[in-house]
Amino acid sequence: MADPNAHRLWIQEALNLQLAEPDVRTLGQRLYDALRGGIQQGRLPPGSALPSSRQLATELGIGRNTVLSAVDRLVAEGFLVSRPGAGVFIADWQRGPQTPLDVPSSTPVTLSRRGERLLDFTAPPSARHAVFAPGVPALDRFPRERWQRLLRRHQQRAPIDWFDYRNEGGVKALREALCDYLRLSRSVRCRPEQVLITQGAQQGFELIARLLADVGDDVWLEEPGYGGAQACFAAAGLSLQPVPVDDEGLNVASLPPETPSPKLIYVTPSHQYPSGATLSLARRTALLGLAQQHGAWIIEDDYDSEFRYTSAPIASLQGLMDNAPVIYVGTFSKVLYPGLRLGYLVLPPSLVTSFQRINARLHREGQYVTQAALADFIGEGHFARHVARMRQCYRARQATLRRALAPAVAHGLELSSGHAGMHLVAYLASHDLERELIRRGEQAGLRLSPLSDHYLQAPGRPGLVLGYAGAPEAEIERAGRWLGEHWLALTT
Ligand SMILES: Cc1ncc(COP(=O)(O)O)c(C=O)c1O
């Protein structure tokens, strides 16, 4: 064999180059992937010696334990052999007893084209960054003990058939309680039979997309808009048509006349996500007329309408007329907590049976104990009290954020109105500024959400979506000051 040191140097150099590239994998995983790739592609021939773990750790600037665990894994999988006293060598792995077929593959799998596209709507997993996380409620303020008591109560009382497969749309008491609440506070026209309990708004969008549109059909979506809805419609193979949003919300009149008819129109009329606009009455009636004319269904996503600070909650679009072509989508993710995974659809009577049957087939029904506890939570007034408290809490948290950003606002930072909801939008003058603030935020341990990501059509308007509901005021104040100072440093 040629000079064994040549391989050692090559390995060090190649690994160094690969680890220098930015990547989301852990260092240990990257080292493992790089070594295994080199072995499988024949660049590290059988018999050649690996540099010692100490040498590798020093050369690559990573911990020795990281090196050892990658090496141990490759030894266990048969790609390396360890000869005590002599070192670690590349195994003759293709001939050895452990062929690669025996070991779980860690090379990236090929996703479908749909899967690849869906990745565009996701962010890499990360630790919790509550300070500016959009849409995260005050988890620390949820009345856990009361909730636990209600859960225990229903756990003990649950009839045996709640443990079985069900297909009735959810616990009757919850559907009744919801109907009373929606009729009163949201002017929704409904009977309990029209309510289908889902595992959150997301499942509702999924069902609607699959049951009411075919692959290639057009769905009109607000631009900018909610990534969760965009992802659902893309997953169902629909053609996504962005519709611009202005101060009066969705502006269908701005679409060119030759735009193909939609099957579905997705809107957040009470509080447009993320801009915060309210769909004006004139636009509401026009939209209902347009949907009727095209034979399209409107999806009304009423995700956070309870949190309105300057007036009473705005009545729903669904309740504006009899037999409106609207499916009302609600969620408990904002008013209670997202991990609860409970939401609901209010369906026109003609769709109830099909949705109920297909939902039970595709997703199954469940969480009956939790649903019953929630029915009591609403029925006994805890829900209304919690919403009222959170409204106050979010109003105060928003005021804190505004105060912290006041010096920047005095120098021209533009903020959205914040008359409702759980986030503000800070509009920025350029994409470079958006990128730079996000980069600095990452370094400071602050995850900032770019407004431009909410657009289907690049490049989108630059800005930041600043959730203020999920963190205590002291943290919001600190983060707000940080942001204001960095904005000032970069712009003035
Ligand atoms: C616009 C909008 N709709 C709905 C939801 C809630 O979705 P889910 O009920 O699936 O948690 C969110 C949450 O972030 C949202 O921002």
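The values are calculated or read from the model by the stated rules, or taken from the named source; none is laboratory data. Since the model is a prediction, treat every value here as computed from it, not as a measurement. All Cβ positions, glycine included, derive from the backbone under ideal geometry; neighbour counts span all protein chains shown. Ligands, DNA and RNA are excluded from the accessible area calculation, which covers all protein heavy atoms including side chains. Shrake-Rupley method; radii C 1.70, N 1.55, O 1.52, S 1.80 Å.
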Quick one: in region 224-250, which of the residues that are open to solvent by 20 Å² or more (accessible area, probe 1.4 Å) and in contact with a strand residue (DSSP E or B) (Cβ under 8 Å, 6 or more places away or on another chain) is nearest to the ligand (Cβ to nearest atom)?
226
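With the structure loaded, tell me whether residue 60 is surrounded by 14 or more Cβ atoms within 10 Å (Cβ to Cβ), modelled with pLDDT under 85 and either over 43 Å from the mean Cα position of the chain (by Cα) or among the hydrophobic types (A, V, I, L, M, F, W, C) (or both) or whether it fails that test.
no
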Looking at (1) under 24 Å from the mean Cα position of the chain (by Cα); (2) hydroxyl-bearing (Ser, Thr, Tyr); (3) in a helix (DSSP H, G or I), can you tell me which one residue 354 breaks?
(1)
Touching a residue at least 24 places away in the same chain (Cβ under 8 Å), under 21 Å from residue 355 (Cβ atoms), within 16 Å of the ligand (Cβ to nearest atom) and touching an Asp or Glu at 6+ places or on another chain (Cβ under 7 Å), is that true of residue 201?
yes
Can you tell me which of (1) within 26 Å of the chain's Cα centre (by Cα); (2) away from the ligand (no atom under 11 Å from the Cβ) is the one residue 271 doesn't meet?
(2)
Taking only pairs six or more apart or across chains, which ones have beta-carbon atoms under 9 Å, a first residue in region 215-235 that is closer than 25 Å to residue 258 by Cβ, and a second residue that is part of a helix (DSSP H, G or I) and more than 15 Å from the ligand (Cβ to nearest atom)?
220/252; 224/452; 234/114; 234/117; 234/118
Criterion: under 27 Å from the mean Cα position of the chain (by Cα), within 16 Å of the ligand (Cβ to nearest atom) and free of Cβ contacts under 8 Å to residues at least 40 places away in the same chain - qualifying residue of 123, 209:
123
Among (1) at positive phi; (2) in contact with a Ser or Thr (Cβ under 7 Å, 6 or more places away or on another chain); (3) crowded, with 20+ Cβ neighbours inside 10 Å; (4) in contact (Cβ under 8 Å) with a residue 40 or more places away in the chain, residue 187 falls short only on (3)
Residue 328, sole failed condition from (1) within 16 Å of the ligand (Cβ to nearest atom); (2) open to solvent by 10 Å² or more (accessible area, probe 1.4 Å):
(2)
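One line per residue, one yes/no per condition, for (1) in contact (Cβ under 8 Å) with a residue 24 or more places away in the chain; (2) assigned to a helix (DSSP H, G or I); (3) of a type in the set (Val, Ile, Thr):
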position	(1), (2), (3)
293	no, yes, no
299	yes, no, yes
305	yes, no, no
312	no, no, no
315	yes, no, no
319	yes, yes, no
323	yes, no, no
327	yes, no, yes
330	yes, no, no
Which number in (1) more than 21 Å from residue 492 (Cα to Cα); (2) open to solvent by less than 20 Å² (accessible area, probe 1.4 Å) marks the one condition that residue 443 misses?
(2)
